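Asker: I'd like to ask some things about the structure below.
The values are calculated or read from the model by the stated rules, or taken from the named source; none is laboratory data. Just so we're clear, the structure is a prediction, and the values are computed from it rather than from any experiment. Here the Cβ positions follow ideal geometry from the backbone for every residue, glycine too, while neighbour counts run over all protein chains shown.
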């Protein structure tokens, strides 16, 4: 049975026109898919990554998007560049720890929460409504599982703290995000919806929904799992 390519984007063009959205890390894991979908939706998109090579590569791939896309290389610009980005009038901030979350030289879970909290507080202090989205994960063990549990707990805390200000905070929990050099999902296990590998764009579409006020204005403190139904068969795995 032939399936529609997961990286095809339909029905979202212009849905976030004039919105400013920041994605950190936008260069690894699900990040490139999130950045691509947000940019295709018409948003003025900025993404950050730890490696200038990966950031430059993604910028070249997104050269044809209809809206402006800017990249921040933390190894060149330094972490203060993120603080500067938060000073702009942002509609949404997407926190995608990816490889940064457990990298000894990168951003730890506490730093991730601190950044998301700062973003929400800046929205609140300037009287703006907006959205913060955590990208976590599932089916991890050891330190990764503890980090994911911590991120989800802090996401819910932050959602409670800023809900009265009209700021929504949610999380997306993708399964195994993996694509080959051609950009197709790498099938490793069978899930109810086919292969269990998640394409970054599939994660991006859920993030797009959560930052789109017309689609998710009543959603906060929620975690959306994107694993093609693999968790339904967890006992069998």
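Asker: I'd like the full set of residues that are assigned to a helix (DSSP H, G or I) and modelled with pLDDT of 90 or more, limited to segment 122-148.
Answerer: 122, 123, 124, 125
Asker: If I ask for residues that are more than 25 Å from residue 89 (Cβ to Cβ), touching a strand residue (DSSP E or B) at 6+ places or on another chain (Cβ under 6 Å) and assigned to a helix (DSSP H, G or I), which ones from segment 24-53 would you list?
Answerer: Passing the criteria: only 52.
Asker: I would also like to ask the following. Looking only at segment 157-182, count every residue that is closer than 14 Å to residue 203 by Cα and at pLDDT below 65 and tell me the total.
Answerer: 1
Asker: Further, regarding this structure: So for segment 101-119 (the condition being under 20 Å from residue 204 (Cα atoms), at pLDDT below 80 and crowded, with 17+ Cβ neighbours inside 10 Å), does at least one residue qualify?
Answerer: Looking through segment 101-119, at least one residue is under 20 Å from residue 204 (Cα atoms), at pLDDT below 80 and crowded, with 17+ Cβ neighbours inside 10 Å.
Asker: So, of the residues in segment 2-23 that are in a loop (DSSP other than H, G, I, E, B) and either at positive phi or modelled with pLDDT of 90 or more (or both), which turns out to be surrounded by the most Cβ atoms within 10 Å (Cβ to Cβ)?
Answerer: Taking the candidates together, the pick is 19.
Asker: Test residue 70 against the criterion of being under 25 Å from residue 121 (Cβ atoms), under 17 Å from the mean Cα position of the chain (by Cα) and either in a helix (DSSP H, G or I) or modelled with pLDDT of 90 or more (or both), and give yes or no.
Answerer: Yes.
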